[in-house]
Amino acid sequence: MLTSTVAGFAASLVLIVAIGAQNAFVLRQGLRREHVLPVVLTCAVSDLMLISAGIAGLGAVVTARPTAVTVIRWAGAAFLFTYAALAAKRAWRPGTLKPTGQAPATLRATLLTCLALTYLNPHVYLDTVLLLGSVAQQHPHRWLFGIGAAVASGVWFSALGLGAHRLAPVLSRPAAWRVLDGLIAVVMAGVATTLLV
């Protein structure tokens, strides 16, 4: 039983650590110290729901509908390109890149962005629902595998969001924010491109 839980933790951590739209957003919120706990909780609960859906068999249902996969892929790519453009715009204007230089976003706007980055990103479905869901089916205790995967998600987002402030001294200069937002723009555009190729 413990083996399934540890396997779920390791599999989830390997998939989630790769920089992506959701991670970049959590990092940015952590650096700005803006609505960090609600963002971390939203990401962790979303992953829990998606992991549970994959283990319950949603992955098999989705892959049986190629049209749905195509629609998700194109919508996700469009969203990621838009987010990349916004990050590039922030990088282009260093005066707006200071964490205290922008007016804080409302909690509602922040959570809507977080939810969009989570649920409009096809990689979330490919990794969390399809891949983790299918790997869980190979374990005798698939729900313990899911618990391990969900714990890994919670640990990662907590470390990323709540630990990001330690990078604040390094990223207190507008030039550093320019680099961060430039990197986010490149990563988002790259992820969106891989979805369409």
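The values are calculated or read from the model by the stated rules, or taken from the named source; none is laboratory data. These figures come from a predicted structure and were not determined experimentally. Glycine also receives a Cβ, built like all others from the backbone with ideal geometry; neighbour counts cover every protein chain displayed. With ligands, DNA and RNA removed, areas are computed over all heavy atoms of the protein, side chains included. Shrake-Rupley method; radii C 1.70, N 1.55, O 1.52, S 1.80 Å.
Can you work out which of the residues in segment 1-35 that are among the charged types (D, E, K, R) and part of a helix (DSSP H, G or I) is most open to solvent (accessible area, probe 1.4 Å)? Per the stated criteria, the residue is R32. Filtering segment 106-144 to residues that are touching a residue at least 12 places away in the same chain (Cβ under 8 Å) and polar (S, T, N, Q) leaves T110, T113, T118, N121, T128, S134, Q137. Number of residues in segment 45-66 that are part of a helix (DSSP H, G or I) and at pLDDT 80 or above: the value is 12. Taking helices (runs of 4 or more DSSP H) as the structural unit, those lying wholly within segment 78-197 and holding at least 1 residues that are open to solvent by 80 Å² or more (accessible area, probe 1.4 Å), within 17 Å of L31 (Cβ to Cβ) and modelled with pLDDT of 80 or more correspond to 142-163, 174-196. A single member of V151, V155, V186 is over 26 Å from L132 (Cα atoms) and among the β-branched types (V, I, T), and it is V186. Hey, can you tell me all the residues within segment 36-45 that are within 10 Å of the chain's Cα centre (by Cα) and either farther than 30 Å from P174 by Cβ or open to solvent by 20 Å² or more (accessible area, probe 1.4 Å) (or both)? If the condition is that a residue be within 10 Å of the chain's Cα centre (by Cα) and either farther than 30 Å from P174 by Cβ or open to solvent by 20 Å² or more (accessible area, probe 1.4 Å) (or both), then A44 is the only one that fits. Of all the numbered requirements in (1) farther than 14 Å from N23 by Cα; (2) touching a residue at least 24 places away in the same chain (Cβ under 8 Å); (3) among the small types (G, A, S), G154 misses one, and that requirement is (1).
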